[in-house]
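Okay, structure first, notes after.
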């Protein structure tokens, strides 16, 4: 049997979470069109008769501006350290905006490297050949695989190549497992996704979701969630006039949770001002960063 960790790297908004969800056939990582959607490192596990592939979705590569982002980039170090395969996801027009230090580290790495050219459905044949040549020149040891994560184009081939490159070994997780994360974690991520989709500017990046209780009672999931914000003004925006914005958020999150957990959900939402939580090391640790 083959088994190992396939760690997905890339800049924000290149489709890393979409790719992992496509590989799993299930939505585990939240997806929005906003940068820094992924904050944690999430394992998605694909079990085949001949292999167990542990995909690791990491935060998009950025230059940290505050303590939370520093913790997020710390997950990238782990992704390099324990990878059996590095899967570097890029898209058209991306090469000029890459971090030179990251590219140099990828070029020096002895870990098998696949560069997945995403969104190739937006290119003609000449554009694809040009992009392929650019990345082959920049990362000569890499295998280049053109894909469309959203449309599933060539993702079966990508999975086949990953299995071929994996080392022999025993499974790291139970063969019926899909992730290493708890149901509470996914409840918080679903709510955070809806915050990202509903609110603009700095509001989503100033929010953290804490699940205070998660109970199943007579086939009903009862969830109490606390949304932390950094300032009083953000609390007002999150709640909205007569609480309408918070009610709309709760409805969207509840419906998605019911789809994900395949159960009826009662969702109780609260908002709390936790001053400058993104810079507080003690609070960040409590939140799992």
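Computed from the coordinates by the stated procedures, all read-outs in this text should not be read as laboratory data. In this text the structure is predicted, and so the values were computed from the model without any measurement. Using ideal geometry, Cβ is built from the backbone for each residue, glycine included, and neighbour counts are taken over all protein chains shown.
At-a-glance table
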quantity: Computed FRET value (nearest 0.05) for residue 222 with residue 176, which takes r as the C-beta separation and R₀ as 35 Å; calculated: 0.85
quantity: Considering only the chain, percent of DSSP beta bridges that pair antiparallel, nearest 5; calculated: 40 percent
quantity: 16 Å reach of a label modelled at residue 101, 7 Å along Cα-to-Cβ, counting backbone N of region 9-25; calculated: 10-11
quantity: Rounded to 10°, Cα long-axis angle of helix 125-138 versus longest principal axis of the chain; calculated: 90 degrees
quantity: Additional length obtainable on full extension of the chain from residue 138 to residue 214, 0.36 nm per residue less Cα span; calculated: 22.6 nm
quantity: Cα long-axis angle, helix 244-261 against the chain (0 to 90 degrees, to the nearest 10); calculated: 50 degrees
quantity: Cα gyration tensor category, rounded, prolate or oblate, for region 212-289 with a/c compared to 1.5; calculated: oblate
quantity: Nearest-ten-degree value, helix 67-81 long axis tilted from longest Cα axis of the chain; calculated: 30 degrees
quantity: Projected area, mean over directions - the chain, Cα convex hull, nm²; calculated: 16.0 nm²
quantity: Peptide ranges 146-152, 204-210 listed from the most packed, as the mean C-beta count within 10 angstrom indicates; calculated: 204-210, 146-152
quantity: Computed helical MRE - 222 nm, the chain, DSSP H runs ≥ 4 contributing -39500 (n - 2.57), nearest 500; calculated: -11500 deg cm²/dmol
quantity: Whole-Å semi-axes of region 106-179's equivalent ellipsoid (Cα gyration tensor); calculated: 27, 18, 8
quantity: Residue exposure sequence - 178, 1, 20 - by fewest surrounding Cβ within 10 Å; calculated: 1, 178, 20
quantity: Efficiency of FRET between residue 255 and residue 168 - r from beta-carbon atoms, R0 45 angstrom, step 0.05; calculated: 0.55
quantity: Reciprocal mean inverse distance between Cα atoms of region 2-165 - Kirkwood radius, Å; calculated: 15.9 Å
quantity: Tensor-based shape of region 136-289 (alpha-carbon gyration tensor, a/c under 1.5 rounded, otherwise prolate or oblate); calculated: prolate
quantity: Linear extension gain, residue 121 paired with residue 197, 0.36 nm per residue minus alpha-carbon span; calculated: 24.8 nm
quantity: Percent antiparallel among DSSP beta bridges (both partners in region 183-286, rounded to 5); calculated: 45 percent
quantity: Tensor-based shape of region 80-206 (alpha-carbon gyration tensor, a/c under 1.5 rounded, otherwise prolate or oblate); calculated: oblate
quantity: Residue order, fewest to most surrounding Cβ atoms within 10 angstrom, among 282, 48, 254; calculated: 282, 48, 254
